[in-house]
Amino acid sequence: MLGVTTTMFSVKVNGGSHGFFAGRRGLRQGDPISPLLFVLVMEYLSRTLHTMSQLPDFKYHPMCKKLKLTHLIFADDLMIFCKGNVDSVNRVIEALAHFNVATGLEANLEKSNVYLAGVDERVKMQILARTGFSEGVFPIKYLGLPLSPKKWTKIECWSLIDKITHRIKVTYSKQLSYAGRLQVINAVLFSIHSFWGAVFILLQSILKKVNQLCRDFLWGSSADTKKVALVAWDKVCLPKRQGGLNIKGCSNWNKASVG
């Protein structure tokens, strides 16, 4: 840790270095050790939360008990799961306080929320007072995907359609050829859909809309002009050796990905 805690800087004036002063913001900008240090710190947080889960008064979230899952971390996004009672929440807060003392890192109150379900109103108020976080409402967005304890609705999934529509509008300005539009469908539009489809079974109405957007884009239709599809979409999605264009069918790919 000497390379982190004893960083010194020198100012170059007219080609010459003058004096040194200590850095107070940790690693230098762009230092290759920075990602490694972040991973080490997050590993310490994971171990702290694992130790917390061994305490007798900590209870797992009902849906996480079988896997003994306490948290998920991706970069600086952290989700912690526990049973909705005061004792379990106290253990979580104590673990975060211990992590704060060891690393100097703490949760941002403005960006942190508590999500509760099936909890007594009195217990809910105690939990909110103990954490200092505001109560969040579903659905929430995590890594670009909406999360909800209930079945997805068409409105919640419509942001996927908006993303694909926006990408198509941007691409139309480039005056692509038929082959170019085919590449955009396979490489760009499908990747937007597959990001969602690899996690959840999407509504059939949403999958049909995705297919419609891709079909219209392939044949050159737009908001102003409509063109007739020369070949049925199910034949377009066939492998090339069977006379198709090898476009992956959204519905089949979604089912195969999620299983």
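The values are calculated or read from the model by the stated rules, or taken from the named source; none is laboratory data. Since the model is a prediction, treat every value here as computed from it, not as a measurement. Please note: Cβ atoms are built from the backbone with ideal geometry, for glycine as well, and neighbour counts cover all protein chains shown.
Summary of values
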{"read-out": "Subset of the range 8-23 (residues that are part of a loop (DSSP other than H, G, I, E, B) and at positive phi)", "value": "Asn14, Gly15"}
{"read-out": "Set Ser222, Ser251, Ser257: member being in contact with a Phe, Trp or Tyr (Cβ under 9 Å, 6 or more places away or on another chain), under 29 Å from Trp152 (Cα atoms) and among the hydroxyl-bearing types (Ser, Thr, Tyr)", "value": "Ser222"}
{"read-out": "Selected residue (only one of Val188, Val210, Val199 is more than 18 Å from the chain's Cα centre (by Cα) and either surrounded by 16 or more Cβ atoms within 10 Å (Cβ to Cβ) or assigned to a loop (DSSP other than H, G, I, E, B) (or both))", "value": "Val210"}
{"read-out": "Complete set of residues in the range 230-252 that are hydrophobic (A, V, I, L, M, F, W, C) and either surrounded by fewer than 13 Cβ atoms within 10 Å (Cβ to Cβ) or not in a loop (DSSP other than H, G, I, E, B) (or both)", "value": "Leu230, Ala232, Trp233, Val236, Cys250"}
{"read-out": "Selection count, the range 109-164, where residues are charged (D, E, K, R), farther than 26 Å from Ala75 by Cβ and at pLDDT 90 or above", "value": "5"}
{"read-out": "Residue among Glu106, Glu110 that is more than 19 Å from Ser53 (Cβ to Cβ) and in a loop (DSSP other than H, G, I, E, B)", "value": "Glu106"}
{"read-out": "Some residue of the range 97-105 being small (Gly, Ala, Ser), out of contact with any Lys or Arg (no Cβ under 8 Å at 6 or more places or on another chain), under 20 Å from Ser148 (Cα atoms) and at pLDDT below 90", "value": "no"}
{"read-out": "Subset of the range 64-103 [assigned to a loop (DSSP other than H, G, I, E, B) and under 20 Å from the mean Cα position of the chain (by Cα)]", "value": "Cys64, Leu69, Thr70, Ala75, Asp76, Phe81"}
